[in-house]
Each structure stands twice: as C-alpha cells, then as structure tokens.
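Here is the structure we will look at.
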Amino acid sequence: MLKPHIGDSVLRHEDARFLTGRGTYVDDITLPNQAFAAVLRSPHAHARINGIDASAALAISGVLLVVTGEDWLKQGFGPIPTKSAVNKKRDGSPLNEPPRHCLAIGKARHVGEAVALVVAESHAAALNALDAIDVDYEALPAVTDARKALEPGALLVWDDIPGNFCLDFELGDKAATEASLKASDHVVELDVVNNRVTAVPIEPRGAIASYDAKTDCYTLYNATQNVHANRDTFAEKVLHVPKEKIHHIAPDVGGGFGVKNGVYPEPALLMYASRKLGRPVKWINTRSESFVSDSHGRNQMSKVRLGINKDGKFQALYTETIGDLGAFCWTVGPFTPTGGSARTQGGPYAFKAMYYCSKAAFTNTMPMDPYRGAGRPEASFQIERIVECAARKLGFDPVELRRKNLIPPTSLPLKTAMGLDVDCGDFPQVFERTLALSDRAGYAKRVEESRRKGWLRGFAIAPYMECTGGGPKEFAGVRFQKDGSVELAVGSQSTGMGHETSMPQILAARLGIDFESIKYRQGDTEATPLGGGHGGSRNLELGGNAVHQAASEVIEKGRKLAAHQFDTDEAKVQFEDGHFFVPGTNQTMTMREAIEASFDPSKLPEGMAPGGLDANTTYERGVISIPNGCHAAEVEVGPETGVVRMVGYWVVDDFGTIINPLLCDGQVMGGTAQGIGQALLEVAHYDPESGQMVTGSLTDYALPRADTMPPMTIEYYEGAPTKKNPLGVKGAGEAGCCGAPPAVVNAVLDALKDYGVTHIDMPLTPEKVWRAIRAAR
C-alpha cells in the first residue's frame, strides 16, 4: 500500500506499461473491417491546381475511395477556423484569415498541403494509388521569408490578402518607452532571429475514425493533445454535426509539445470517409510527411533596443518583431508572435517602460502554431541576448549587469509594463543559487584546463520569467467503487508527462488513500464533460487544482457521513491525514472506512444515496501564474572545428509547490533538451527559391542526442508558492525552453569573446561557429 504525500518522488505509474510494450497508441489499435488511408500532398510550395484525375487510382485493386478538394466542397463542409486569442489588428479590424479547408481548393500553398485522400483495403494499395493520381499542377513562384513577404510588390500567397499581411499588434506604452530610450545614456540595438523548428514527437500523428449508422455517431481515436476543443471544431465548424455525435479518444500519445494541440484536416477526412464507406478508416503519418505537415514553431525576426544608463541600470526595452505564420493562420498561429511573445517581455528585470509591436505575415511554408512555450521562449531569448550584447559593448560584467537589474522581492506583487501580474518570487535568490551551483570559484581553473586541451571555454547565466496559459477551466471527477477501487477522471491530458502519477498522487495525498487503488482516465470526451487538454503548462495549475477541489468535496461529504456515525454535529468533525475524528474523543474513522460505509444504506445520513461520496467538479483559474527560474551553462568550443560541447548545466526553478520532484526533473530536462536542440542543432529550413523544405528528414534535421546533453544539476526554490491557486503551483512544462537557448548561445559567445565574435544566429552549428571564428580572425 502506497500513501504518498505532496512533494514525494513517486515513481511513474504508467512506465510499467510503456517499458514493457503494453502501451496503446493509435497505431496499436485495429478495428474490425478496417480500411487504410493515405494523403496525397503537394510537392510544390505554390501551384495552381488545374485538375485532378483519379480514375487510374480508382482502377487499382483494393482502392475504395478518392476524395479531392472539389469533392469536399460539394459536401458543404466548412473550413477549419483559427481560435487565436489575438484576432484583431491594431486598428480594431479583424485579422486577415484565409479559409483553411481540409484539402487544397484551387491552389496548393505549401509543400505538404493535403491535396487528396485515398482509402484502400491495405496501406500498400493506398500508397500505390497516390502515385496513380494525376494532378495538373501549374507551378507558381513562392515566398518563404516573412520579411520579404511584407515588402511592397512581394509575391502573394493569397490573391485577396494584400501584402501577405495577417495582423499587427502592440502592447505597452510606446511614447513612454521612446522617451525613456531618448533619455538613456546608451541605447544598444540587436537583430535577433528565433529559428523555425518543429517538434518531432517520437510518435507521428495518426487517427482512426469509425461511423455507426445505427446511432449516427462517430468514434475518433486520435493522437492529439486536446480531445474536447478539437472535437467541438470538427463537429460544429467542419462537419456540421452536433458535438455529442463525436466520441473523441486520445489513447496513449507519444509526445506532443504543442504540435498535436491544433486541429488538423486528416481526422475530419477520415470521419467523412468512414461514413461514406460504412467501415473504420485508419491513417498514420510517416516521419517524412510529418516534417511538411506538422505545424512548425518559433520563426520570429526581431529588432531589440535596450536603454541603459552608465551605471548599468536598465531604463527601457523596445522590441519590434516580424512573425512568420506560414500559409494559414492554423489553430492559434497568430497568437505566438503577438500576445504570446509580448506578455513576458523584459523577463525578471525592472524597467521604467517597455513596448512591443509585431506584424504577422503569410508565406508559402508549413503553418506555425504553438511549440513548447509559444512566445515565452522567444521573449526570454530577446531580453537575454540584448543584455549580453549590452554587457559586451559597454564593458559591464554580464553577471553583475543582470544582478543589478533583477526585480527585488520587496517590489512584489507588481504588474509589469506588459500587464503581467507577478504576485510572488525571489528572482535574486534564484539567481544567486544558480550561480553558486555553477562553482564560479573554480571557473578560471576549468578555462585553463580546456585551453591546454585545445578548447575554448565559455559560461553564461540566463534568468527567465514566463507565464502559464491554456484554457481556464478543468474538470475532475472522483467515483468510488464497492471493490475499494477509485476512478479519477480529469479533462487535462498527458502526452508523456506523467499525469497518471501526479493526479492520483494529489488525490491519494489529500484523502489519505492507497495510491495503487486509483484508476486514472483522461483523453476521452465521454470520461469528462469538459477538458482543456494539454498546453500552456496548465496541467497542475488547472487539472491538479481540479483534483484538489474534488478531493475537498469528498471530504466535506465524508464529514457529514462521519458525523452521522459519531452521532455528533458535522461542525465538530475534522479531517486530517486520512482520518475523520472529533478532537478530544476516541471517535475516529478512516477515509477507507467512510468509503465502505457510503455503500451501506444503514450507515448513511438522511439525504445521502449509496455511493454518495462521489464528486464531480470544475475548477476555474482566476489569474495565470508566473513560473520563473535561472539557467547557467558552460561550454567548450573547438576553435579549429566550430564544434560546441556542453560540459556543465545548472538550473534553479521556482515552480511554486513541487508535487513530485521526479516528474518535475523530467519536465525540466526535456524542455532544456529541446532548448539546447534549438540553440545548437535544429532548423526547419526552406529553399528560398523553390520553397522546398531542405531539412525534411532526420538525416537533415538534427535533433539532440544523449551525447549532446550535459550533466545537469536541478534544484527548486519553493519559498514563494503562489496564492493564485490552492496548491500553490506555477507550471513547469515549458520553462526549459525559456532558459536554455540564451544560456547556451551566450556561453558559446563568451567562449569566443577574445575573437571579437558577438553574435551568431541560432542554431550554432559547427559550420556557423567555424565561419564566425574565421571571419573574426
């Protein structure tokens, strides 16, 4: 029997299933009489579709159906809308949103756009049919750079959207920021590029759709992060059916990182095909398809200006950004380069004034959507790069310059110039703890040791401040069974983060019951009436507090039952450590005894039905929380090869209350790995002339490997749990992507400072670093 507490490193319950091959992913599911689908994708970045001849494909043995864009339109299905929270331009007019149908209509606008769906008796037959479809493409010029897309006379992605312009945005006090810059002793300016990346989850996207003619209902198994919201969009906006007609299930999902959060066309196509054929239809994306059909992230070009006085005090921050949206707005694409990147401008530093403005442009590339952090890593990179640049240009020690400008705890709570409600934290203490972990006293010796071996050594420290996001409501339901088991259903969803451990841990700790008795349900629209899925580091803040709230409701019902058993007033009954009791007496009842009594009508108080301890609750967040922390990195750089080796890494994070340190370590390590990948290796690169994706396979798109990762030391600061939610949690899932890129990039530049290298755009590949050294020499 395991009765954990909050703060215990409970081992991941789900890992026994995953490590022994008993996980159930979409591709593990086979339904009776199942057919197989494949998607014909555009080989062109921009092309007019003059016609599609599918007769040869339909003549192939085993081919059951071919669906084209024209077929789709004839069914009256709707386009997939954007749900961006920022949906208006600065003048108040709506953003320019092109229609996003499930198949290309008239034109293909990026390599990989779905042009037709094939369904066949076998996967092989479906693939053969793709080759037999004759599409009359008329290739057109393409634009792949958002900056060029906004230039006068640029090629148009959409004929009816002038200048490829989606929307513009601003936040902060422009006049005050400009005045503060003018009054500053120095203004440092830097152009910063946040490179385009894609998530590459270990499990590609996939889905199976089944239609039941008797009930006129669909069952959709889908590798997604958000079953409720995406179900609603498929039903209400695309297929035009009541949402109750779609049972949406996410089985085990092998990684998401934002790429599986959005609404994709394939599931809707499968549901239509299943209804038309009267049988289930399965589709699994290939890895090469994923590179050109999974949403991408980042890809912002920014000009950052920092006003700083001669004493090193920051005065003003002014950031101008151009964000690439790709060919469509996708699900929430316009939010990332606008509100998503604006909220946390300035990080944990004190500024008199800040201003952020941006423009978002359409290009002939795969559309953008949130990728782990969705704007907060971009903002963190912008501030940390300009601070490092200012230190180098003006002769400040980079560590001291940061230390001097951190917001002191005595200034909290405060509302930043970006409107962010920062309620608690101790940024200086977190900074100093990180610095201490990195053993600065021994750094000079390590530099000399590296030099003797022919390596250049560099160090950087990067404090960050971010915020949570995602839907503001979450459901949790607790149902007790006569056999002693407990069913816990939560609307938030794990794609590998360990919710099957953390959520039952909260319930077990609150009620004092056996962790092993709890059966967890997630990712199922019939398990919970609502759910926010996974995104914005929201799980513990929303899902965890929903479980806590449900447990509190169970306790209140249990107090009534216990009072009846004790023959006393309910107000006298207290609950602690899994026991109901009346102080000063020997009257006591365990939660387990209360659960057993709840099924015995003779032991129930008036008005309580058998099973009356069950609880169904919806927790609603008031104000988002503010995770923060600090990363520090040491690197070695080969001056003759440009190779970068990570040799040390230290993190102190303030996530409020730590529910399970083991799971939290995993989140920090994973986010840091993706941040290091973006800093050193990853880029989704398009050829500027053809619009072809050059890095469209794992041969060309470099991911971090085990030997890329440094030894890591991770600690937590829990001295300031937030009062914004009962558990005091702040969110942990995306923080690693905020701290890692600037820490790594600045450490490399520190190693190269004697060469006069002050800037290299990510990723810092060996070739880029080698060229920078040669150019400096």
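Of note:
- Straight-line reach from K89: taking Cα to Cα under 19 Å and skipping same-chain neighbours fewer than 8 places apart, the aspartates and glutamates in range are E97, E151, D160, D168, E170, D173, E320, D324, D369.
- Shape call, region 18-66: gyration tensor on alpha carbons, a/c limit 1.5: oblate
- Relative contact order %, the chain, counting alpha carbon pairs below 8 Å whose residues are six or more apart: 16 percent
- Note on K243 and E553: with the Förster distance fixed at 22 Å, the Cβ-Cβ geometry gives a FRET efficiency of about 0.25.
- Straight-distance candidates among the aspartates and glutamates for linking to K603, with alpha-carbon spacing under 13 Å and chain neighbours fewer than 8 residues away dropped: D567, E593.
- Distance from the C-alpha centroid of region 731-760 to that of region 1-30: 35 Å, rounded to the whole angstrom.
- When the trypsin sites (Lys or Arg not before Pro) in region 119-191 are filtered for DSSP coil states and for at most 15 other beta-carbon atoms within 10 Å of their beta-carbon, no site remains.
- Cleavage-rule hits (chymotrypsin sites (Phe, Trp or Tyr not before Pro)) in region 552-612: DSSP loop, at most 16 neighbouring Cβ within 10 angstrom: F599
- Which of F381, A417, P370, positive extreme of dipole for region 319-418 (C-beta unit charges): A417
- Estimated inter-spin distance, S697 and E620, nm [label 7 Å along Cα→Cβ]: 5.3 nm
- Extreme residue, positive dipole direction of the chain, given options G691, P204, A732 (C-beta unit charges): G691
- Qualifying trypsin sites (Lys or Arg not before Pro) in region 434-481, DSSP loop, other Cβ atoms within 10 Å at most 14: K453
- Ranked packing of 646-656, 520-530, most packed first, by mean Cβ within 10 Å: 646-656, 520-530
- Value of relative contact order over region 606-650, rounded to a whole percent, pairs C-alpha under 8 Å and six or more apart: 27 percent
- Tensor-based shape of region 474-582 (alpha-carbon gyration tensor, a/c under 1.5 rounded, otherwise prolate or oblate): prolate
- For peptides 601-613, 78-90, sequence by mean Cβ density within 10 Å, most packed first: 78-90, 601-613
- Dipole magnitude for the chain: about 1320 debye, using +1 per Lys or Arg Cβ and -1 per Asp or Glu Cβ, origin at the Cα centre.
- Total formal charge among the other residues, if their Cβ is under 12 angstrom from that of A747, Lys/Arg +1 and Asp/Glu -1: -2
- Hz values of 3J(HN,Hα) by residue in region 262-275 - Karplus curve (6.51, -1.76, 1.60), Gly and Pro given as x: x, 9, 9, x, 4, x, 5, 4, 5, 5, 5, 5, 4, 5
- Here the 3J(HN,Hα) profile of region 428-443, calculated from phi with Karplus coefficients 6.51, -1.76 and 1.60 at θ = phi - 60°, is x, 5, 4, 4, 5, 5, 5, 4, 5, 4, 7, 6, 5, 4, x, 5 Hz, Gly and Pro shown as x.
- Around N50: net Lys/Arg minus Asp/Glu count, Cβ-Cβ under 13 Å: -3
- Placing unit charges on the Cβ atoms of the charged side chains and taking the dipole of region 90-170 about its Cα centre, the candidate lying farthest along the positive direction among G163, A120, P141 is G163.
- C-alpha center-to-center spacing [region 402-465, region 54-125] in angstrom: 48 Å
- Were the residues from R774 through H759 laid out at 0.36 nm apart, the gain over their Cα-Cα distance would be 4.0 nm.
- The simple Förster model, with R0 at 35 Å and r as the Cβ-Cβ distance, assigns E596 and H5 a FRET efficiency of 0.90.
- Rounded to the nearest 20 debye, the dipole magnitude of region 297-407 is 340 debye, with +1 charges on Lys and Arg beta carbons, -1 on Asp and Glu beta carbons, and the Cα centre as origin.
- Rounded percent of accessible protein surface that carbon and sulfur make up, the chain, 1.4 Å probe: 51 percent
- Value of [θ]222 nm, deg cm²/dmol, for the chain, DSSP H segments ≥ 4, -39500 (n - 2.57) each, nearest 500: -8000 deg cm²/dmol
The values are calculated or read from the model by the stated rules, or taken from the named source; none is laboratory data. These numbers were taken from a predicted model, which means no experiment stands behind them. We place every Cβ from the backbone using ideal geometry, glycine too, and count neighbours over all the protein chains shown. All accessible areas refer to the heavy atoms of the entire protein, side chains included, with ligands and DNA or RNA removed. Shrake-Rupley method; radii C 1.70, N 1.55, O 1.52, S 1.80 Å.
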